[in-house]
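Each value in this text was obtained by applying a stated rule to the coordinates, not by laboratory testing. Being a predicted model, the structure only gives us computed values, none of them experimental. Cβ coordinates were reconstructed from backbone atoms using ideal geometry, including for glycine residues, and neighbour counts include every protein chain displayed.
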């Protein structure tokens, strides 16, 4: 409730500031969405694996933002079925609408005992799709940077923060993970061999290749949603600039020429035709957009002293981190209308936003007193949820593409 | 001022001579090297032919004598007060023509990590350009930005931040 009041005040402020800068602001008041109630108590779990399945599945449905656990006999949907092991794991899931005969969802899931969590995530996305028509995020994964081992290394977790695995062991500084649209490859910047270079990590084979290693800075490697291009920040021509290369190893073509300023943080539009990026060509870091073929960059963020770390989501909206009142806050910008919406509260710094494949949630780094962790933010107003409960600092989350 | 600079040049020169006469056996690590990750695409970093005169430990002993160059907040401009330090480095490089320099650019913790990588690179490049202006060959100076990843001071106030907005030096 306090949060709703606060959001209202902030939106008021955004409104007046935006009016001054002639940037229209259609602010959606964050109050969460109405939840569809679902009762999973009839679901039968015959052993610990079965209980884990239904627990993970219901937690996923709640985390999706569209469902709430409902009371027996008073819920809109009833989830029944059974799950258990005994020579391979099998789960049967049925969903019925209250007061109506028949089922609206009926599917079985089979796998090994160590696949229970994955199958539950799959079932959650299937049920969400069947009941609401929406894409989920439960089956997706999050790449992130952690200091658990004492160095900054890449890690990967499931959408609920569980199943954390360490991906790199460079014992160096490895940062800024991003996904190939195939969901099988990650790109990141590492000092593994001394100078900052862009690396490709293949999750299927486990191989690591250095894919950009020009003189100076090589960072920000991000592959376009169509898989054909990589945007990157290089300083090989004497200044950090934005480049594009054809995948996998075309010669990089420079898109900016700002001898007196720096470019950073490229992110692709959903149609792979444009790139948003950070530049301080105005004197302070702001978000700009340029076509894949180059041209004059257009400034997208018109207010605030510092707007950084843009992430262009599958929904066409750009999430970024904006310095507001001395703190970093996550805002969402519609590049077509210029509308801006702040989605975080000033209880902490929120940086490095990454859109989830459900186009509703955003993972971000949340920092308080110089300690960082990764949180799930809801653009429709549900409170932030901590995703990682391990020691160390956790930053730079990157959602994998949807399935 | 001038006498002090000359004295320090003599000391650096003496140290360089001392290590040059004893330390030329160890092959330096600098240079492109073998890429044990395989599949490398792009231009290898590191010109060939430098770094043969002194061994790496001795080079770093010399480099540690170079004082860092400090920058203003969100700036990569070299302040007038830092120029004598850069002249000293340029003099050393001209007296030791087989030695190469790596300029490391660093930032304070404010700002996004990715933006700071670019800002740190601009700081390193500004130092590089200044040294080239003093007559050092461009192919002898490499840049390396650490952004905010390697602070010199771990505090969270201006006194620490001002120590962290810097360029440091190593030789190869």
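Treat each spin label as a single point 7 Å out from the Cα along the C-beta direction, and report the residue A:370 to residue A:112 distance in nm.
Those two pseudo-labels are separated by 4.5 nm.
Please build a GNM for chain A, connecting alpha carbons under 10 Å apart, and tell me which residue among A:273, A:323, A:259 fluctuates the most.
Result: A:259 has the largest fluctuation of those listed.
Run through every distinct alpha carbon pair of the stretch A:141-399 and return the Kirkwood hydrodynamic radius in angstroms, one decimal place.
18.2 Å
Give me the distance between the Cα centres of the stretch A:204-263 and the stretch A:102-160, rounded to whole Å.
First find each Cα centre; the distance between them is then 31 Å.
Apply 1/(1 + (r/R0)^6) to the Cβ-Cβ distance of residue A:104 and residue A:254, taking R0 = 51 Å, and write down the FRET efficiency to the nearest 0.05. Don't skip to the answer; put the middle values down first.
Values: r = 54 Å, r/R0 = 1.05.
For residue A:104 and residue A:254, the calculated efficiency is 0.45.
What is the gain in length, in nm to one decimal, between residue A:37 and residue A:74 on full extension, counting 0.36 nm per residue of separation less the C-alpha to C-alpha distance? Numbers along the way, then the final one.
Numbers: separation 37, 0.36 × 37 = 13.32 nm, distance 0.83 nm.
Gain in length upon complete extension: 12.5 nm.
Along Cα→Cβ, 7 Å out, is where each label goes; now give me the distance between the ones at residue A:282 and residue A:226 in nm to one decimal.
For residue A:282 paired with residue A:226, the spin-label model returns 3.0 nm.
How crowded by other chains is A:230-239, given as the mean number of beta carbons from other chains within 10 Å of each beta carbon?
Numbers: counts 0, 0, 0, 4, 2, 8, 3, 0, 5, 7.
Mean partner shielding for this stretch: 3.
So what is the calculated 222 nm ellipticity per residue for chain A, using -39500 (n - 2.57) for each DSSP H run with n of 4 or more, over all residues, to the nearest 500 deg cm²/dmol? Mind showing how you got there, number by number?
Values: 3 runs with 52 residues, N = 403.
Per the formula, -4500 deg cm²/dmol.
By how many degrees, between 0 and 90 and to the nearest 10, does the Cα long axis of helix A:48-63 differ from the longest principal axis of chain A?
50 degrees
Taking the convex hull of the alpha carbon atoms in the stretch A:300-403, what volume per residue do you get, in Å³? Kindly include the intermediate steps, with their values, before the conclusion.
Details: hull volume 10.2 nm³, N = 104.
Once divided by residue count, the hull of the stretch A:300-403 is 98 Å³.
Round to the nearest 10 and give me the degree value, 0 to 90, for the angle of helix A:2-20's Cα axis relative to the longest principal axis of chain A.
In chain A, helix A:2-20 runs at an angle near 30 degrees to the longest axis.
Taking the Cα-to-Cβ direction at residue A:51 and at residue B:138 and moving 7 Å from each Cα, how far apart do the two end points lie in nm?
7.0 nm
Report the percentage of all Cα-Cα pairs in the stretch A:36-132 whose separation exceeds 23 Å, rounded to a whole percent.
Details: 777 of 4656 pairs.
Within the stretch A:36-132, distances greater than 23 Å cover 17 percent of Cα pairs.
If one puts a single equal scatterer on every Cα of the stretch A:202-264 and applies the Debye formula without solvent, what log₁₀ I(q)/I(0) results at q = 0.22, 0.29 Å⁻¹?
Debye intensities relative to I(0), on a log10 scale: -0.89, -1.30.
Of A:260, A:141, A:246, which is the most mobile in a GNM of chain A whose springs link Cα atoms less than 10 angstrom apart?
A:260
Could you calculate the FRET efficiency of residue B:94 with residue A:347 from 1/(1 + (r/R0)^6), where r is the beta carbon distance between them and R0 is 51 Å, rounded to 0.05?
Values: r = 56 Å, r/R0 = 1.09.
Taking R0 as 51 Å, the efficiency between residue B:94 and residue A:347 is 0.35.
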